[in-house]
Amino acid sequence: MLSRKRCFVIMPFSTTSKSHTKDYWDRHFEFFLKPIIESCGEIEAYRSTPLRQDIIRQIVNDLVFADIVVADLTDSNPNVYWELGVRQSFRHGTITIAEDGSKIPFDIATKSILFYYPENQNKNDYFINRFKEAIIDCLSNPKRPDSIVLETITGRGSIYSIIHREELIRKVDALISENRINSAILESIYEAVYADRAKRFWHREKEVIVTRLSSSAINLLLAEHYLEEDSEFYEFAITLLTLIHSINHHLSIWTFESSKTIEKWFIEKERLIREVFKQYAKKLEEAKQKLVTSI
């Protein structure tokens with residue numbers, strides 16, 4: 001059996017006007033909003049009560065995790081607006097309602113608000129139908145945007161996407177820098193390989209490479225897959241990482257194994273090693289260009 005969805009209703013606790021007393025709000029929830037909401041399927045409508053301990057913490061938890069939030073903006077209660085702001089900073093799936101004639105602040109006046117009509121049954125029936133449709137839509141399409149705050153922060157071209165893109169560019173720059181340094185170390189390795197062969201002829205002491213190739217940036221790339229690249233890109237990165245480990249291994253045993261054996265391995269692998277590092281550098285530049293031109 002499927003678990004019931006939860007609909008958190010944010011509304012005043014106490015009297016907000018002569019006609020909207022505490023008793024009014026209690027009845028409004030129990031006999032009007034709750035039955036409408038729960039008629040839409042396996043869904044539980046609930047609201048906070050001022051008797052709970054640590055109520056603010058619980059309200060924030062409800063605002064963030066409830067499947068749906070219904071906010072009644074009647075009488076412009078400050079707590080309701082604060083709670084609506086919290087909800088819309090974290091999640092979509094919010095329905096705003098108000099009694100007909102309510103004054104709505106300009107900054108949310110463009111949001112779709114459903115008005116109910118206590119004194120007009122025909123119009124109120126229309127409200128009930130639209131209210132149900134909105135609830136069912138939230139249940140069926142939980143990721144459909146209805147928060148301008150979240151769209152501004154997380155959508156394409158938003159603050160979040162810009163910051164995220166800049167972070168990805170810095171990570172790619174780290175990959176490029178690591179590959180550039182490793183390529184320079186490779187040049188030193190091959191200078192030593194060929195110099196060692198010549199020095200052995202003259203009975204001189206052979207070269208020893210103490211520096212190792214780094215793999216921190218590429219390890220992070222493979223752990224997080226943070227670039228939106230195809231599987232071939234990541235398979236190539238795995239090939240490079242394996243090659244780096246192999247190179248470092250041969251460097252580590254160079255002073256203990258026969259120089260000829262190590263030199264032979266580096267010479268036999270030279271074309272492959274240089275081509276892999278070259279192609280990886282090209283792939284990183286292409287990935288960076290995609291990010292730079294993505295917005």
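A few comments on the model shown:
- Candidates Ser161, Ser183: the one that is assigned to a helix (DSSP H, G or I) and modelled with pLDDT of 95 or more is Ser183.
- Qualifying residue in the stretch 207-218 (condition: loosely packed, with under 12 Cβ neighbours inside 10 Å and either modelled with pLDDT of 85 or more or part of a helix (DSSP H, G or I) (or both)): yes
- The set of residues in the stretch 43-65 being out of contact with any Ser or Thr (no Cβ under 8 Å at 6 or more places or on another chain), charged (D, E, K, R) and touching a residue at least 24 places away in the same chain (Cβ under 8 Å) consists of Glu44, Arg47.
- Among the candidates Lys18, Lys34, Lys22, the residue that is on the phi < 0 side of the Ramachandran plot and under 34 Å from the mean Cα position of the chain (by Cα) is uniquely Lys34.
The values are calculated or read from the model by the stated rules, or taken from the named source; none is laboratory data. Everything numeric in this text was worked out from a predicted model, so none of it was measured. Counting neighbours? That spans all protein chains shown, and the Cβs are built from the backbone with ideal geometry, glycine included.
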